[in-house]
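Just so it is clear, none of the values below were taken in a lab; they were calculated from the coordinates. Quantities reported herein were computed from a predicted structural model and do not represent experimental measurements. Cβ placement follows ideal geometry from the backbone for every residue including glycine, while neighbour counts extend to all protein chains displayed.
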Amino acid sequence: MRERITRRDLLRVAGYAGAATVVADAGAGEAVAVPNDDYETASGETEPQYGMAAAEQHYVETSYTLPEAKGGAAESPTLFGEIIWPTDDDGEMVKDVPVILTYSPYNDIRSPQSEAASIAADGVADYYVPRGYARASFDVVGCRNSGGCYDYGGYRERLTGKQLVEYLGGEPDAAGEYADRDGGSAGTRNVGMIGASYDGTTQLAAAVEAPEHLAAIVPQVAIDRWYDYAFGGGIRYFLNNEYPTDEGFDTPLAFDLGFGFVPGANVQDPGRFAAANERRFAPCDGVEHTERAYEYDPVYDEFWERRDYRRRAENVDCAVFLEAGWLDHNVKHWDSTRFFDALPDTVPKKLVMGQWPHTDSNFADAQDVRHAWFDQFLQGIDTGVTDIPRVDTQVSTGERLQHEELPPRGTQVERFALTRADAGQRALALVGDGAPTYTDTAPPLTEEEMFATDGSAHNHLKFESAALADRLRVTGSVPLGEWRAPQLDLLASSTADSVHFTPVLYERFPDGSVEVATRGFLNARNRNGLDTSEPVPVGEPYRAPVEFWDADYVFSDGSRVGLVVASDNRDWCLNDPDGRPTNEVVLGAPNRPGGTALRLPVADSPETLAVEGERTDDGSVFTAGATNQVSLSASAERAVRLRDTVPAGWEVVGGDVAATETLDDGRTLVTLAGTGTSVSADYFVEAPSSPGRDTFGPAEVSPPGSDEWVAVPGTQDTNTVVGIGTGFDG
């Protein structure tokens, strides 16, 4: 039995403490330790000191003109929401405080039964209001008590989100004094946003419109491009075989009916109730939403461009803290990883990705870091949250790693050719006898059927590498064309002008079992771009670049990298209704471009470190008894500690020294004080009395708590000692 933590096991673990957490390997009857003590974190500083007022109801007037509006006619929906303010010792509401907002279509579901309760009275309010924040919850345009048309992530949601933020940031209290974003009193109030799924999506919609008062957002499992919510490479998603309720196939139809059709709840206010429901029973754009989101051959056009926040990410002017899960099958992983990448480096940004499904961060310090984020950017308190690494990712084996970017520094794209015969570590050979040809079948394949056979079959192909000599970490988050996201560069020919490709990248363990690493989807009619639908050339070779979901997956040494090539995947998407072609995959060779190849972004595995650094000292020649000051620095993608090797005869006499250890050969290991992704230290040594030439280093780094040390390149140094008052001929 392999010692490995499966993804299903990881779902059973709610969070990871500072010490190693032990979870069971399914069916193994044994325990596996997950190292999680090597990470940097931060915490907020505000403490509970306020009471909570009763919720205030607010109606906010908005106004905008749709680009296609005839005659420039404006829409003016009224938004409804509630705000809970903190109270002082006298029970008076305190309004010169930041506001944490959720702009939500879910309030019909959350609507409290008690008339005295509030949609704003939730866990966010319980935590933050006593710490000096106001809590606001508002209904999305066209939903519940807000007027207007529900817009399926469109222009209306972007503009009303912006105007709502400006309202909350600029509404005066009795004294007319508020802290602005820089801590002064310019008549404005900082606004932050938080929430998951659609409540995270509305944050991105507002942020790309750059409201002046929006200072920080925490979008959790949020959609950043609505086209990607419905389609993978032009193929309509449909359920899945792991978490069938976690897909979203019922949208947008369920959204239009559940959010945009249900009458408002403010029946006690007849005037407002009538206004909120004025457009509730009219079709608005609901028919178009459904038509566009269930097309068999979709194109990315103006309809989807309006609902694309990623392409507008450069407009964002607030601090963005994204949380998402590598196992999320509802909002796909790249909605967070790629929005993070698209954000300008001029704004503070952070990304947390872990081995969990459609939920916010499961890390034990998640609440602390969110608190630190809001304290930093809404209260103006230096919590140190911007000093910790920007990316926090938990790979498939359970390790939690921190980097400044995703993919991390040093990631290289490696090409795995698809070949007929085994060609070693960097090629995937066809499994089984026969030609690299398969025919689409009805009904389409399930993944269980794909993996049920040992080799290829008439309706799919399998390719596998040789057994890996070392662990292989595949991680990527950069769009197609830059060759840093997993991609199948497929060269094929087909007997019909309509073809789907749904490759599955998997790991085959030495015991024969299989685990999926990531999946890819492409409607070959969209092979030249999502904005173009072109028939496939019949009987002629064509290229179909299939992009996989971003992943952070570690293949074990001794395992094999595997790839299924098939047309339809009954577990995950709607099949192609227009044809059942026979498809031939054109193979190549490992060192000769031209044929089909798998391109994987490969980073250092969690067992290794990418590290760089330097050494300086007082010179290269010393007299006996002289003191030499040694300065070392090192930087890595993870927090590390630093040590050096001092040659025999040299005595450590002071500096930033945490510990020393004398080795059997007389050399001294000097462990220096301090840890971090960038660490530096000085120490002093005294030269020996006997002449000679001695070598220091190389310096080494190691994650705290680990016994594995990695040499820092370029930090070895040779010094010469000469006798007192004499020459040395060396």
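Judged by the mean number of other Cβ atoms found within 10 Å, the most tightly packed of the peptides 376-383, 664-671 leads the ranking 376-383, 664-671.
The stretch between Arg110 and Asp470, if pulled fully straight at 0.36 nm per residue, gains 124.6 nm over its current Cα-Cα span. Quick one: Kirkwood hydrodynamic radius for segment 611-722, alpha-carbon pairs, angstrom, one decimal? Result for segment 611-722, one decimal place: 13.9 Å. In plain terms, the chain from Tyr59 to Ala711 could stretch by 228.5 nm, reckoned as 0.36 nm per residue minus the Cα-Cα distance.
Extending 7 Å from the Cα toward the beta-carbon at both Glu661 and Thr290 defines two label points whose distance is 6.9 nm. The ranking of Leu468, Leu663, Leu445, Leu204 by Cβ neighbour count inside 10 Å, starting from the fewest, reads Leu663, Leu468, Leu445, Leu204. Descending by average beta-carbon neighbour count within 10 Å, the peptides 635-641, 217-223 line up as 217-223, 635-641, the highest first.
Among 353-365, 690-702, 84-96, 137-149, the peptide with the highest mean count of other Cβ atoms within 10 Å heads the list, and the full ranking is 137-149, 353-365, 690-702, 84-96.
Here Ile109, Ile83 are placed in order of increasing Cβ neighbour count within 10 Å, fewest first, which gives Ile109, Ile83.
Reducing segment 292-345 and segment 149-171 to their Cα centroids gives an inter-centroid distance of 18 Å.
Between the C-alpha center of segment 487-521 and that of segment 405-480 there is a gap of 6 Å.
Using r as the Cβ-Cβ distance of Ala364 and Ser680, and R0 as 25 Å, what FRET efficiency do you calculate, to the nearest 0.05? Using R0 = 25 Å, I get an efficiency of 0.25. With an a/c value of 1.5 or above and a/b larger than b/c for the gyration tensor axes a ≥ b ≥ c computed over the alpha-carbon atoms, segment 511-593 is described as prolate. Within a straight-line Cα-Cα reach of under 23 Å, Lys162 can be paired with the following lysines, leaving aside sequence neighbours fewer than 8 residues apart in one chain: Lys95, Lys349, Lys350.
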